[in-house]
Amino acid sequence: MASFSLNVNNKQYTVEADADMPLLWVLRDLLDLTGTKYGCGVASCGACTVMMDGNAVYACQKPVGSCVNKKIITIEGLSEDGSHPVQKAWQKASVPQCGYCQPGQIMTAAAMLQKNKNPSEELIDSVMSNNLCRCGTYHRIKEAIHIAIKEINQ
Amino acid sequence: MKKVTIDRRHFLKITSFSTGSLAIGFMLPGLSALAIPLSDCEFFQPNAYLKIDKNGKVTVFVGKQESGQGVDTSFPMIVAEELDVDFKDVKAAIAPYGTLKEGEHDTGGSQSVLGMYDTLRNAGAVAKAMIISAAAQVWKIKETSCAADNGEVVNTITMQRIKYGELVCKAALLPVPKQVSLKSAKDFKIIGKPAKRSNLNDILTGKTKYGLDLKIAGMLYAIVERCPVLGGTLVKVDDTAAKKIPGVIKVITYKGTGAPMHVRAGVAVIAINTWSAIKARKLLNITWDEGNKNKESTEALFKTFAAKALTKPQIDVFNKGDVSKFAGNNEITATYAQPFLAHATMEPVNFIASVTGEKCELWGGLQLPDWAVNTVSKECSIKKENIKVNLAMMGGAFGRRLHFDFAIEAVKIAQQLDKPVQLVWERTDDVQFQPYRPANYHRLKANIENNSLAAWQHHVLGTPIAYMTDGPNTKHPEEMDGANAGFCYNVPNVYTGYTPVDFNINRGWLRSVDICVNTFPVECFIDEVAEKLKKDPLDFRLSLLENRPDFKTGEGPGSLTQSPARIAGVLKMAAQKIGWTAARKPNHFIGLATHSFIFAKSYAAHAIEIELLEPKKFRIKRVVAAIDCGTVINPDGLLNQMQGGLAFALTQALKGEITVTDSRVNQDGFFSYELLTYEEMPPVEIYIIDSSEEPGGVGEVGLSTVAPALCNALAAAGNRPRNLPIRNEGFSWL
């Protein structure tokens, strides 16, 4: 075990963990930030997506040792009250069913739109296909992404 | 307006909601109010389903478990309608386990709204009646001079108003009315209007706590290595390397169980966090005795199905007329096959258990908590009354959490620990060790006489769920919904039968269950018969539905009366909206399917248009669904279920498949058990048939007709797939 200093949602945390513990479990088990979800552990579903230095990353693939000096944003830190344009768009399109995958979906979409305010349909398809939803809310995710694009370009 | 007599069962057991001096309400026997000093009153709780605070906020206690189907919204809508309050002032809360009567927490089979509609309307109407009585007392006027209006009572003589919240303490002291009136559908202000999910913002900000997110003080984590073959036993385990992982507390073992849940023998690593347990698990060195059922394969299973399909079914299920008269005459036959499937909920199953002395406390998502408690009690030798259950939000269920194998495992582990423990299933465990939707195979036969369909035979072969839950001596292994008396087409001579084949992996109920299993072959084969008769598939179906009177889906109390007119109604709607009779672009083809749903009085049909790009390559251009589920509570929730149901069903049609070699599942996660992705979701339009019939259910009705509509479109384009997933037949898609 070693000590790691992490910047999560603009707060500094110190955690004791093995260097190979994925950020996913650091967030969930050590920091009680359970908005980041466990879905597969092997980069196949996107439920654990967070932002690291502005990029969408799978938290299950980032050993805590590699997260020091990075700026990590989780769903809890995207906005305090759900007022981020992507969250608002998800609200407007009434996207979720069970909702378990949605924090990951939102983080993926938010990171994409932060880099590119007008992504092509092809880019959206490709980026959003990294996140699975078993309830099948893809139709509404598409709707929400277009609401968000409109909103951030106003 | 509808008069309803109050049944005492609605007022059971409310005490467990209440705390200290706030124990108010109406309890058996006598249906009279408790005498409570008004100064102690904070809220009014006329029954187990709802509570009204002094500030007018209403809480609806939802017995049905939330897994994404939206009961946390539809239930409050139903109450708010009858109570005459603003829907925004109504919040849903999970009714604590044990506060409702037996069975009321059971969640499945699209029954939630159907089963609770009247009860919740009554609950709202009773509360409103009592609040009105209280207002009448305050104003010293007749109740008939009072009217409820959006959370306030209006004195219709003076037009004074009092808020509900100000009346709750008085209302709490009044007797429960023996009879209340319910609104007419034409007066509905909330039911039937689209509403957003009540807990939407919590989901979108990551605040919602699913079972996996719960933390109990002192809790440890367990990851389990299970016997790779069902029924096998542990010989020995070397845990030396595993125990060296920092954070690992201990390694414990437990035995498997038989019916109903078939828990596999397991070796559990207990650690202070999930990751340490995951790491240590990989270092366990285990010797298993696999038993003698360790050589089974799906390849051999489907060969057995194919051979047995040619013999007489083991169980006669439904017989009408005499199909034998037509043997060999102008006959067409076809066989269809569908694989085992995994539920693959996005939240892998998990469960928290704490065992202290004789007491046991549980936390997690369960669709059938009563059955779970009874079975845990038996398997783990804990008295039922000593088991406390805390139900949690489920990150998807689809039938997976009707099973509670994981709950038994968690208790077996907790019995060997002095702290609470959370059992976590890794995704590999979820895909490899779950109760799978049974593999199935169908042989259909039709005889034509005088240019019409004279005889229909359907032999269903499957690996029945009941062999697992009840044991192989079960009296009713057959899984025949939609292919029994519920077969919807009016054919003069019909015979259906079932042949069970045992197989050594566990099975369970998957969303739409055998309706989905049997609708696929029925709706494809009816198209094949139409083709043989050179009839239009829409006209042919309608000719077999339109003059048929309502029919029963079976014998006994569980059977429903189904309406062929409504089955035809949704089909016509889907066909019309997709432009069935309109000119089609080159290389564009449409397939249709409708069905008899059986679980509830809900009806749905699909029409799917494809563009053929190469002989076996296509793009889905449009999907049109029509649904008739009677009274709609929340149209937005309905649309979400239908849209999502399409995605769920397309996964099954296109690529979902579990295969088995040496009694082991070959798939181990989402890379090998693939789900539909965002970019594969086709454009979808849903049309709702306006109806004031009783509410049906919408969680499952939108699945079964997707695969046959797609396969019928592909058949129209020149190549009919008869085996799912169609990827195995060489199809690909954009």
Notebook entry, point to check: Hey, how many Å between the Cα centroid of segment B:517-579 and the Cα centroid of segment A:64-93?
Noted result: 48
Next item on the list: Out of all DSSP beta bridges with both ends in the protein assembly as shown, state the antiparallel percent to the nearest 5.
Entry: 75
Notebook entry, point to check: What whole number of Å gives the distance from the Cα centroid of segment A:25-56 to the Cα centroid of segment B:713-728?
Noted result: 39
Next item on the list: Evaluate segment B:357-447: find the radius of gyration of its Cα atoms, find its Kirkwood radius, and give the ratio Rg to Rh.
Entry: 1.12
Item checked: Projected label distance in nm at B:D690 and B:K359, using a 7 Å step from Cα toward the beta-carbon -> 5.8
Checklist line | chain B - charge dipole about Cα centre, Lys and Arg +1 at Cβ, Asp and Glu -1, debye rounded to 20 | finding: 540
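If we count other beta carbons within 10 Å of each Cβ, what is the order of B:T631, A:T137, B:T561, B:T345, fewest first? List each step's numbers first, then the result.
Values: B:T631 16, A:T137 29, B:T561 10, B:T345 25.
Fewest to most other Cβ atoms nearby, the residues stand as B:T561, B:T631, B:T345, A:T137.
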Notebook entry, point to check: Expressed as a whole number of Å, what is the distance separating the alpha-carbon centroids of segment B:207-247 and segment B:444-504?
Noted result: 42
Margin query: Can you give me the long-range amide H partners of B:A593? Hydrogens built in the peptide plane at 1.01 Å from N, cutoff under 5 Å, separation of 5 or more residues or another chain.
Written below: B:H606
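Would you kindly calculate the mean projected area, averaged across all directions, of the convex hull enclosing the Cα atoms of segment A:85-152, in square nanometres? Can you show the working numbers first?
Values: hull surface 15.2 nm².
Seen from a random direction, the Cα hull of segment A:85-152 projects 3.8 nm² on average.
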Next item on the list: Take B:D429, A:D81 and order them by how many other Cβ atoms sit within 10 Å, fewest up front.
Entry: A:D81, B:D429
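Give me the compactness ratio for segment A:2-78, meaning the Cα radius of gyration over 2.2 N^0.38 Å. Working shown, then result.
Working: Rg = 10.9 Å, N = 77, 2.2 N^0.38 = 11.5 Å.
Computed over Cα atoms of segment A:2-78, the ratio equals 0.95.
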Check: Along the positive direction of the dipole of segment A:85-152 (beta-carbon charges: Lys, Arg +1; Asp, Glu -1; about the Cα centre), which of A:H139, A:C101, A:V127 reaches farthest?
Finding: A:C101
Margin query: Restricting to Cα pairs below 8 Å that are 6+ residues apart, what does the relative contact order work out to for segment A:85-152? Please round to a whole percent.
Written below: 55
Check: For segment A:42-58, what does the Karplus curve 6.51 cos²θ - 1.76 cosθ + 1.60, with θ = phi - 60°, yield as ³J(HN,Hα) per residue in whole Hz, taken in order and with x for Gly and Pro?
Finding: 10, 6, 10, 10, x, 4, 9, 4, 10, 9, 10, 6, x, 9, 6, 9, 7
Item checked: For chain B: span of alpha carbons on each principal axis (Å, largest first) -> 82, 71, 45
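What shape does the protein assembly as shown have by the C-alpha gyration tensor, where a ≥ b ≥ c are the square roots of the eigenvalues, rounded means a/c under 1.5, and otherwise prolate means a/b greater than b/c and oblate the rest?
Numbers: a/c = 1.42, a/b = 1.09, b/c = 1.30.
It comes out rounded by the Cα gyration axes.
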Next item on the list: Tell me which residues come under 5 Å, amide H to amide H, from B:A93 once H is placed; ignore anything under 5 positions away on its chain.
Entry: B:V60, B:F61, B:V62
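Using the crude model of +1 on Lys and Arg Cβ and -1 on Asp and Glu Cβ, and no other charge, please compute the dipole size for segment B:472-591 relative to its Cα centre, in debye to 20. Please list the in-between numbers first.
Values: 14 positive and 14 negative charges, 101 e Å.
For this selection, approximately 480 debye.
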Notebook entry, point to check: Applying 1/(1 + (r/R0)^6) with R0 = 22 Å to the Cβ-Cβ distance of B:K178 and B:E143, what FRET efficiency is obtained, to the nearest 0.05?
Noted result: 0.95
Next item on the list: Scan around B:L234 for amide H atoms under 5 Å from its own, H built in the peptide plane at 1.01 Å from N, and keep only partners 5 or more places away or cross-chain.
Entry: B:D289
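Relative contact order (percent) for segment B:306-396, with alpha-carbon contacts under 8 angstrom and 6 or more residues of separation? Intermediate values should be presented prior to the final figure.
Details: 66 pairs, mean separation 23.1, N = 91.
Reported relative contact order: 25 percent.
Calculate, in nm to one decimal, what B:I315 and B:N666 gain on full extension: separation in residues at 0.36 nm each, minus their alpha carbon distance. Could the numbers behind the result be given before it?
Working: separation 351, 0.36 × 351 = 126.36 nm, distance 3.15 nm.
So the chain would gain 123.2 nm between B:I315 and B:N666.
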Note to self: In whole Hz and in residue order, list the ³J(HN,Hα) couplings for segment B:331-346 that follow from phi through the Karplus curve 6.51 cos²θ - 1.76 cosθ + 1.60, θ = phi - 60°; x for Gly and Pro.
What the structure shows: 10, 10, 9, 7, 10, 9, 9, 9, x, 4, 9, 9, 5, 6, 4, 5
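Compute, for segment A:85-152, the length of the dipole vector about the Cα centre, with Cβ point charges of +1 (Lys, Arg) and -1 (Asp, Glu) only. Units Debye, rounded to 20. Can you show the working numbers first?
Details: 8 positive and 5 negative charges, 42 e Å.
Taking the Cα centre of segment A:85-152 as origin, the dipole is about 200 debye.
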Note to self: Semi-axes of the equivalent ellipsoid for chain A, please: Cα gyration tensor eigenvalues, times 5, square-rooted, ordered largest first, whole Å.
What the structure shows: 27, 16, 13
Next item on the list: Just grab the label-to-label distance for A:L123 and A:K71, each label 7 Å out from Cα along the Cβ direction, in nm (one decimal).
Entry: 2.0
Checklist line | Relative contact order computed over chain B (Cα-Cα under 8 Å; 6+ residues apart), in percent | finding: 13
Notebook entry, point to check: What spacing in nm lies between the two simple spin-label points modelled at B:K577 and A:S83, each 7 Å away from Cα in the Cβ direction?
Noted result: 3.9
Checklist line | Spin-label proximity, A:D53 to segment A:1-38 - amide N less than 17 Å from point 7 Å beyond Cα toward beta carbon | finding: A:5-10, A:23
Check: What length, rounded to one decimal in nm, is gained on full extension from B:T333 through to B:K535, with 0.36 nm per residue of separation minus their alpha-carbon distance?
Finding: 71.0 nm
Note to self: Students often get this wrong, so check it: of B:K303/B:K445; A:K92/B:K51; B:K282/B:K359; B:K88/B:K163; B:K101/B:K189, which have C-alpha atoms separated by over 23 Å?
What the structure shows: A:K92/B:K51; B:K282/B:K359; B:K101/B:K189
Item checked: Hz values of 3J(HN,Hα) by residue in segment B:562-572 - Karplus curve (6.51, -1.76, 1.60), Gly and Pro given as x -> 10, 10, x, 5, 6, 4, 5, x, 5, 5, 4
Check: Fewest to most neighbouring Cβ within 10 Å: what's the order for B:S602, B:S133, B:S672, B:S74?
Finding: B:S672, B:S133, B:S602, B:S74
Next item on the list: Among DSSP beta bridges whose residues both lie in chain B, state the antiparallel percentage, nearest 5.
Entry: 75
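Coordinate-derived values only; no laboratory data. The shown structure was predicted, so the numbers you read here are calculated from the model rather than taken from an experiment. Backbone-built Cβ (ideal geometry, glycine too); neighbour counts: all protein chains shown.
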